[in-house]
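Working notes, structure below.
Derivation of every value follows stated rules applied to the coordinates shown; laboratory data play no part. Since the structure is predicted, the reported quantities are computational estimates derived from the model, not experimental observations. Counting neighbours? That spans all protein chains shown, and the Cβs are built from the backbone with ideal geometry, glycine included.
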Amino acid sequence: MTTTATVGQKPMIVTALLCFFLGVIGVHRFYVGKVGTGILMIVTFGGFFGIWPLIDFIMILIGKFTDKQGRPLAR
């Protein structure tokens, strides 16, 4: 019996570009369905001016960022 990991339908490249260009307002979080943390990013200006999007961008690039259901992003 083999098990396959389900992969989300959101492309990694789109998420990375949204994070890079609009990460301070959390657009990439809204894109993957994480609305609550997207709103928090707006309120805190990206986790006090950019710390949070920087961490998210690195997580996206190394493949550890997930969508709302916990599925990895599509490559």
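I need Thr15, Thr37 ordered by Cβ neighbour count within 10 Å, fewest first. Don't skip to the answer; put the middle values down first.
Values: Thr15 23, Thr37 16.
Ranked by crowding around the Cβ, least crowded first: Thr37, Thr15.
At q = 0.17, 0.20 Å⁻¹, what log₁₀ I(q)/I(0) does a Debye calculation on the Cα points of the chain give, no solvent, two decimals?
-0.56, -0.74
Anything in the chain that counts as a DSSP H helix reaching 30 Å or more along its axis (C-alpha) with Kyte-Doolittle mean of at least 1.0? List them, would you?
Numbers: long enough: none.
Membrane-span-like by this criterion, though nothing is claimed about a membrane: none.
Compute the distance in nm between two label points, each set 7 Å from the Cα along the Cα-to-Cβ direction, one at Phe45 and one at Phe21.
Result: 2.3 nm between the two label points.
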